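The values are calculated or read from the model by the stated rules, or taken from the named source; none is laboratory data. None of the values given here were measured: they were computed from a predicted structure. With ideal geometry, Cβ positions are generated from the backbone for all residues, glycine too; neighbour counts draw on all protein chains shown. Quick note on the areas: whole protein, heavy atoms, side chains included, nothing else; ligands and nucleic acids left out. Shrake-Rupley method; radii C 1.70, N 1.55, O 1.52, S 1.80 Å.
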Amino acid sequence: CVSAAALMHLLKKQRDAVGLTLFNQTIQVQTSAKTNALHHQLLMNELYRVLSKNQLEQTTSAAKCLHQIADTIHKRSLVIIFSDMLDSMDSNELFLALQHLKHSKHEVVLFHVHDKTKELDFNFENRPYKFVDMETGEELKLQPNQVKDIYVQKMKERTATIKLKCAQYKIDFVEANINDGFQAILMSYLVKRNKMI
C-alpha cells in the first residue's frame with residue numbers, strides 16, 4: 001500500500017492521471033484515471049483503509065481480476081501490479097491474464113511482493129510450528145526442516161518461471177521484499193527505469 005501510494009504521488013507530480021483497482025476474489029474497488037486532487041485523496045483513503053483493515057482469510061483470484069482489468073482499461077496505460085502471485089498453483093492462468101494486459105498494449109510492471117526470509121528462504125527455527133494460510137485459514141503442523149529443501153526448491157522454480165514469462169511478455173519484474181521497505185524497492189526500480197528512458 002505504501003509503495004503504491006508513493007508511486008501515485010510521483011505520477012500526480014508529473015500531472016499523470018491515476019486510477020486504482022483493489023481485488024481479492026473479485027474487484028472490490030475500481031476507479032477511473034483522473035488527475036484532480038479530490039480523486040487523488042480518494043485513492044489515498046482507499047489504500048489507507050486496506051492498510052488499516054489488515055483483513056485475513058480472504059482468498060484471491062488475481063488471474064480472473066486481471067482479465068477484467070484488461071477488458072475495462074481502454075486507453076494504453078501503465079499498469080502496475082503488486083502481488084505475491086501465489087493465489088493459483090496453475091501459473092498458466094496468471095500468465096494468460098498478464099498476456100491479456102500486454103495484448104491490450106498496456107505497459108505492465110509486476111512488483112512481486114514477498115517476505116524473502118520466511119516465504120522464499122523458509123528460515124524458521126527447527127521446532128514444531130503451526131502454519132496458517134492467510135487466505136483460507138487452513139492449518140498445517142510441522143517442523144520446518146521436514147519440508148525446507150523441497151519448499152525452497154519449488155519456490156525458486158516458481159519465481160524463475162514468473163521472471164521468465166515476464167521477460168517473454170516484456171513485463172517489468174521487480175522483486176519487492178517487504179523487509180527492504182518501500183524506499184529501497186521503488187528506488188531500485190526507478191533508477192533502472194530512468195536508465196531505460
Which residues, taken from segment 18-28, are surrounded by 15 or more Cβ atoms within 10 Å (Cβ to Cβ) and part of a strand (DSSP E or B)?
V18, T21, L22, F23, I27
Can you tell me which residue within segment 56-95, out of those that are open to solvent by 90 Å² or more (accessible area, probe 1.4 Å) and of a type outside the set (D, E, K, R), is modelled with the highest pLDDT?
N92
Filter segment 135-182 down to residues that are under 15 Å from F95 (Cβ atoms) and not acidic (D, E), then give me how many there are.
15
Any strands (runs of 3 or more DSSP E) falling wholly within segment 100-195 and containing at least 2 residues that are open to solvent by less than 30 Å² (accessible area, probe 1.4 Å):
107-114, 172-177
Please work out which one of (1) open to solvent by 70 Å² or more (accessible area, probe 1.4 Å); (2) modelled with pLDDT of 85 or more; (3) not hydroxyl-bearing (S, T, Y) is the condition K53 fails and give its number.
(2)
Residue check for M44: surrounded by 18 or more Cβ atoms within 10 Å (Cβ to Cβ), modelled with pLDDT of 90 or more, in a helix (DSSP H, G or I) and of a type outside the set (S, T, N, Q):
no
I'd like to know if segment 10-17 contains one or more residues that are within 25 Å of L86 (Cβ to Cβ) and either open to solvent by 40 Å² or more (accessible area, probe 1.4 Å) or part of a helix (DSSP H, G or I) (or both).
no
Please go through segment 97-140 and pick out each residue that is more than 26 Å from K192 (Cα to Cα) and among the hydrophobic types (A, V, I, L, M, F, W, C).
F122, F124, F131, V132, M134, L140
In segment 92-118, anything in contact (Cβ under 8 Å) with a residue 12 or more places away in the chain and farther than 18 Å from F173 by Cα is listed as S104, T117
Working only within segment 79-91, note down all residues that are part of a loop (DSSP other than H, G, I, E, B), touching a residue at least 40 places away in the same chain (Cβ under 8 Å) and within 19 Å of A4 (Cα to Cα).
M85
Which residue pairs have Cβ atoms under 7 Å apart, sit 6 or more places apart or on different chains, and have a first residue in segment 145-162 that is within 21 Å of K130 (Cβ to Cβ) and a second that is surrounded by 12 or more Cβ atoms within 10 Å (Cβ to Cβ) and charged (D, E, K, R)?
V152/D121
